[in-house]
Structures are given as C-alpha cells and as structure tokens.
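One structure is given below, encoded as structure tokens.
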Amino acid sequence: MIPFDAASRLLGLATASGTRAALSLLLLAAGARLGKVALPPGLGFLTHDAALGALLALSILEQATQRDDDVRKLLAVLSYGVHGLAGTLVGLAAQKSVGLEHAPPVALGAAGAALALLTQGARQRLHDALGALEHDVVSPRRWLVRLENGGVLGVAVAALLAPVVALAFVLSGAALTVAALVAARKLEGRARRPCPACGARIREEASRCPKCRAEVDPVTWRDLGWLHRAGALASSAATSLETPSR
Amino acid sequence: MTTAALSPREVHRLALLLEGRCPSCAERLPGGVALEGSQCPRCDTSLRNPHGPLEDWYARRTSARMWVAVVLVGAGAFLTGMLPLVASLLVLAGLAWIRFTIIAPGTRLLSTGRRIVSQWTLRLGGGAFAAGCFIVIEALTLLSFLGMPLKAAIAAVQVAFAAWFSRRYLAWQTRREAARAGVAAWEWALVLGAAAALVLACAVLVVTLVWVKDALAAAMTAVDGGTLAK
C-alpha cells in the first residue's frame, strides 16, 4: 500500500506541473478506494461514491473549461477551489515527511493551499498572456484591422517609393565617395615630414624616401587593428591562408 | 601565417599594403599594382607580400570587422523597436559602416575599371537592398512589442547579409585582379542595366503620380461643373 504522504507528494508534483488538479485528486481517491493508498482518517470521505462522482465530474468540467477561455474565466473560482483542496492535502501530508510533526495541521493545510493557489494564479496569467499573444499575432482579423488602420497604405507608399529610396541611396553613396576622395586628397598632403637625407616631403609611415631612396625610420606605425589583436581569429584563419585560394 | 608571428615592422608593411600603399615609401599605389605584386612605381620596392596572398589578408581583415556592425545594429534596433524609422536609419548606418570598413579597403586595391564596376555594382545592389529592408522593417512596427525582437533580428540579419555579400564579392574581385583577369563585358552590362532599370522605375513612378494628379484634377473639375450646371 502506498503511504499517504508519498501519494500526496505525487499529487502536489502533478498539480504544480500543470496536470489537472481534479484528475490528480480523483486518482488519489480511487487509489484509496481500491486499497492502494492509505488516506488519513480525516480524509476518508474522499473514498465515498458521492465524492468520487464529484471528483469525476470536476475532472470532466475542468478539462472542458480549459478549451474555452470564457468558460475558464467563468469557472475560475471552482478551479481555484480544486487546486486549493489539492494543496491542502499536500500540506497535510508534508507534516510527517518534512519533519513538521509539531506544526498545527491547520497551518500546514493553509500553507499548502496558499502555495497551490499562487501556482494556479501564475498558470492562469500564463494562459492569458499566451492567449493575448495568439490574439495579437496569429489572428487574421487582427491583421486585417492593422492593415485597415493604415498598414496597407504605409506598405503601398513604401513600395511605391522604393525606387526613389534606392536612387537616393545610390546618389548619396556616389556623393559620399566623391567627398571621401576629396578629403583623402587633402589628408594625403598632411601626414608628411621632410626626408632626413634629401628634405623631400615623405609620408610619416615611410621607411624609404621615394626620391633619394634613403632608408628612414617610420614616425607613424600602422597595425592591422582587430585582426592583429584578435590572436584567436588570426590563428584560425592561418590554415585558410596556407591553402591555395585559387 | 598568423599576425602574432609577424614583427611590428612586418605588420606595418602589411597594413600599408592592405591600404593600397607602398610598404616602403607609403605612397598610394596605382590601382591593382599591390595585388599584382609588381614594383612600386616611385621607389621600386617589390610589392610581393612575403606573408601570403594579399587578397586572403583582405578577406581575413574584413571578416573581423563585419560582426561589429551586426551586433551594434541588432542591439540598437531592439532598443528602438517601438519607434518607426529609427531601425531603418540604423540599418543605413550599418550599410555606411560596411561601405567604409569593407568596401573601401577592397576597392582601393583594384584597378580603375574594376573599381568602378565593383563600386557601382555594390552601390546599385545596395540601393535595391536598402529599399527592400526599409519596407520589411517598417512593416514590423505594426507588431508593437513582438516587433521589437523581430526588428532587431531582421535588422541584424540584413546588415550581416550586406556585409557578407560585399566581402564575398570583393574577395572574388581581388582574386581576379591578382590573377590579372580583365573585367568581363557582362559585369559592365549588369551595372548599366541595373542603373537603367532604376532610372526607369523612378521615371515610371513620376509619370504615374503626374497622371494620377491630372486624373484627380479632371474628376474634380467634372464634379464642380456638374454642381454648377444644376
């Protein structure tokens, strides 16, 4: 025979994980009726025909209510009651298994019920949130309303203006290139210094004078930026460099 | 060969070559000379890169840069997902980043003809791509909260795709330049065809808008005339 505390731990686990509370209670009561689960004397009423029938009806009702949001909200109180009862049973069973022999059973039952009600509340909120998500994204009517509210006009205007956007992109890109070229020409004349040997204006990065071919020390040093700093990247690319690319 | 194995002087010379400059005199090289590995026309320094093909170093360097834009645009689009136009502007900024960090260093290595073809191919392709991106991103604004992560993901993917395509295309062009292959006729035809198609599409749009405006004006005149006749 399964002891009550073990059975109610299973009941608590099943209820918390989202299995229907009435179904879990029904299984517990049916187990007690068949002599497989030992219920405490105070809970003996669960094995009576009327209680089993009520739990069976509750299980069917609970299953039915989950399919319709409106019915689920209408019978929310009933659902909370069933979950509260399941939580109370688990709380009472915890008295022995968790070592709370001296705690009053009422407090344990209340704590179990509160925990079960909180879990049920969280689950209901999750149901509502997922329902709203479905309503927001999957609903064709919602999309129709969005499109009627200006979506069609916006997308049509955007599609109509697409060639203009593309042309503006191309022209601004060309203008940007010209501006960059002009700026580069101006900057080219700056970063220069006189060659120590012949006095010609050479680049600061130069190690050789293009006029007198004298070897000079660079004033400004260049690096490879992130490529040089990221050693891991460089080493991973080394193999690709060693294999012929053409 | 890894950069860790190079001395600071070798890194300096390689960086100059990748900028399209002579590794010795640091002057700008004529297009294509650096990839051909011939001599600097100013100081006669050999431009052959002892550390492997220059086009491979270009590909490695640009791949390190492209992820910066992807991450920044994705994060920015997520934070501003509720606002219209901002994500599109972020994608535009990402494309500008690609222009300066991936495209410009690549085209600098190419000869004049190939540089013009490459720049205009990417520019025209980028224009059509940007217009398509804007439509998709702005349509996602309709999705309110769900649009935020979607916008961020799509904007990041768009920038990643643009960077990946530019990088692959220019890597292909730099390899062909190094192999001294000429610019194919179809490449010129593609650029000219795309430019003509873009101008034609804009002209059709303008003509259509003018026609609609005239038709509306005629309809209004007819309505006014009918009202006055009564």
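Odds and ends about this structure:
- Qualifying trypsin sites (Lys or Arg not before Pro) in segment B:109-195, DSSP loop, other Cβ atoms within 10 Å at most 10: B:ARG180
- Sum of side-chain charges, A:SER172 neighbourhood, beta-carbon under 14 Å (Lys, Arg +1; Asp, Glu -1): +2
- Shielding of A:205-215 by partner chains, average beta-carbon count, 10 Å: 6
- Between B:THR174, B:THR80, B:THR62, the GNM of chain B built on Cα springs shorter than 10 angstrom shows B:THR80 fluctuating the most.
- Whole-Hz ³J(HN,Hα) from phi, Karplus 6.51 cos²θ - 1.76 cosθ + 1.60, for segment A:172-188, glycine and proline x: 5, x, 5, 5, 4, 5, 4, 4, 5, 5, 4, 5, 5, 4, 5, 5, 4
- Left without a cysteine partner by the 4.7 Å Cβ rule in chain B: B:CYS133, B:CYS202.
- For chain B, the longest principal axis of the Cα atoms and the long axis of helix B:8-18 meet at an angle of about 40 degrees.
- Put simply, the amide H of A:VAL37, placed in the peptide plane, has neighbours under 5 Å in A:ILE2, A:ALA32, leaving out anything fewer than 5 places away on its chain.
- At R0 = 45 Å, FRET efficiency that the Cβ-Cβ distance of A:ALA183 and A:ALA159 yields, to 0.05: 0.80
- When chain B is treated as a Gaussian network with alpha carbon springs shorter than 10 Å, the biggest mean-square fluctuation among B:MET66, B:MET148, B:MET220 belongs to B:MET220.
- For chain B, dividing the convex hull volume of the Cα atoms by the residue count gives 157 Å³ per residue.
- Shielding score for B:16-25, defined as the mean number of other chain Cβ atoms within 10 Å: 5
- The mean count of C-beta atoms from other chains within 10 Å of the C-beta of residues in B:113-124, rounded to a whole number, is 2.
- Cα convex hull volume per residue for segment B:185-230 (Å³): 31
- The average projected area of segment B:1-77, computed from the convex hull of its Cα atoms over all directions, is 6.2 nm².
- Whole-Hz ³J(HN,Hα) from phi, Karplus 6.51 cos²θ - 1.76 cosθ + 1.60, for segment B:117-123, glycine and proline x: 4, 5, 4, 6, 4, 5, 5
- Taking amide H atoms as placed 1.01 Å from N in the peptide plane, the amide H of B:ARG21 lies under 5 Å from those of B:LEU29, each 5 or more residues away in sequence or on another chain.
- If you take all other residues with their beta carbon under 10 Å from the beta carbon of B:ALA87, and give Lys and Arg +1 and Asp and Glu -1, the sum is 0.
- Summarising the amide proton neighbourhood of A:ARG208: residues at separation of 5 or more, or on other chains, whose placed amide H is nearer than 5 Å comprise A:VAL216, B:CYS25.
- Helix B:54-79 axis, angle to chain B major axis (alpha carbon atoms, nearest 10°): 40
- For segment A:150-190, radius of gyration divided by Kirkwood radius, i.e. Rg to Rh on alpha-carbons: 1.39
Bear in mind that the values in this text are calculations on the coordinates, not laboratory data. As the structure is a prediction and not an experimental result, all values here were calculated from the model. Neighbour counts run over all protein chains shown; Cβ positions are idealised from the backbone, glycine included.
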